[in-house]
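Throughout, read-outs are computed from the coordinates displayed, never taken from laboratory work. The structure displayed is predicted, hence computed values, not measured ones. Cβ sites come from the backbone with ideal geometry, for glycine too, and all protein chains shown count toward neighbours.
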Amino acid sequence: MEEWIEAELDRLPTFPCDEEKHPLLPWKRARPNRAWREWKRVGVPCGAASGFDCVDFDDVGWFHEWPLPASRTHETSRGFHVLFQHHPGMRPSNSRIAPGVDVKGDDSFCIWHPFEGRQVWWKDRLAEWPTFLLEKALNNGDGDHTIAGALHFPAYHGFRSPNKFIFEPTRNLRSRTKNILGKLERAPRGMRNETLYKAALTFRKMIVIEKLLKREIARQLLISACKVNGLLQEDRDGVLATITSAFEGGRDD
């Protein structure tokens with residue numbers, strides 16, 4: 001086990017679980033406990049107790065389709081856990097935001113899969129909840145679960161259907177680029193990461209499909225826009241990770 005995993009387990013509130021993920025101790029009173037080294041599975045309280053909420057993707061289709069920001073992600077036995085900064089009042093729910101997608105907030109816990117040797121991405125990055133997902137997690141779950149229903153970004157030049165990203169061809173490179181960057185520069189707090197990711201996805205299409213932009217030029221344009229909206233100064237590593245995620249992980253179909 002890597003040293004950084006041991007260090008964070010020494011710091012986090014933890015409790016033992018059995019193979020079926022059942023707590024073996026009263027988990028709501030969990031505190032940092034160095035005895036975790038002797039346990040079969042490790043549980044960690046979510047919500048205010050730990051400072052993060054967990055979105056559990058057993059249906060990995062949603063994980064790959066939704067425009068998620070770069071945030072700490074754990075591989076699980078069936079999918080992924082994506083961690084976000086705790087939103088006050090976030091409660092647990094099962095399949096409310098979409099079938100096969102659960103939320104773990106206050107009064108709930110998650111299994112800490114890094115303890116089991118599973119892969120971790122963006123280990124030092126904990127993003128805010130993206131607005132579209134936060135709205136779904138806080139409401140009663142009614143409405144559109146599809147990608148088209150998830151996006152609220154009128155200036156985004158393209159849209160997602162339930163099945164794939166549909167890209168609108170560029171008619172005026174200068175005008176389109178200016179419009180995309182202008183929206184990113186003016187993005188309010190709570191929307192900046194999401195807006196950056198969508199803008200980077202559009203630029204990816206303009207690089208890979210239309211071959212109108214060079215990758216490094218697009219990257220620098222996005223970084224400059226994030227400097228204007230203040231995100232670069234607050235979280236440079238997060239900005240670079242989000243751009244890289246969109247450029248390298250985006251879909252071209």
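Points to keep in mind about this one:
- Karplus-derived HN-Hα couplings along region 78-89 (A = 6.51, B = -1.76, C = 1.60, θ = phi - 60°), whole Hz, x at Gly and Pro: 10, x, 8, 10, 10, 9, 10, 4, 4, 9, x, x
- Dimensionless Rg ratio for region 3-138, taking C-alpha atoms and the 2.2 N^0.38 Å reference: 0.99
- Mean Cβ neighbour count within 10 Å, used as a protection proxy, ranking 7-14, 69-76, 211-218 highest first: 69-76, 7-14, 211-218
- Less than 5 angstrom separates the built amide H of residue 100 from those of 95, all sequence-distant by 5 or more or on a different chain.
- Note on the chain: Cα-only Rg and Dmax are 19.3, 62 Å.
- Computed from the C-beta positions of residue 179 and residue 220 and an R0 of 22 Å, the FRET efficiency is 0.80 to the nearest 0.05.
- Proximity of backbone amide H atoms, modeled 1.01 Å from N, is registered between residue 14 and 31, 33 at under 5 Å, excluding neighbours fewer than 5 places apart on the same chain.
- Phi to ³J(HN,Hα) by Karplus 6.51 cos²θ - 1.76 cosθ + 1.60 over region 35-43, Hz, x for Gly, Pro: 6, 4, 4, 9, 8, 7, 9, 10, x
- Rounded, prolate or oblate (a/c below 1.5 giving rounded, otherwise prolate when a/b exceeds b/c) for region 204-251 by Cα gyration tensor: oblate
- Annotation: amide H of residue 87 within the under-5 Å range of 53, sequence separation 5 or more or interchain, hydrogens built in the peptide plane.
- Here the Karplus relation 6.51 cos²θ - 1.76 cosθ + 1.60, evaluated at θ = phi - 60°, turns the backbone of region 64-72 into coupling constants of 7, 8, 6, x, 7, x, 5, 8, 3 Hz, with x for every Gly and Pro.
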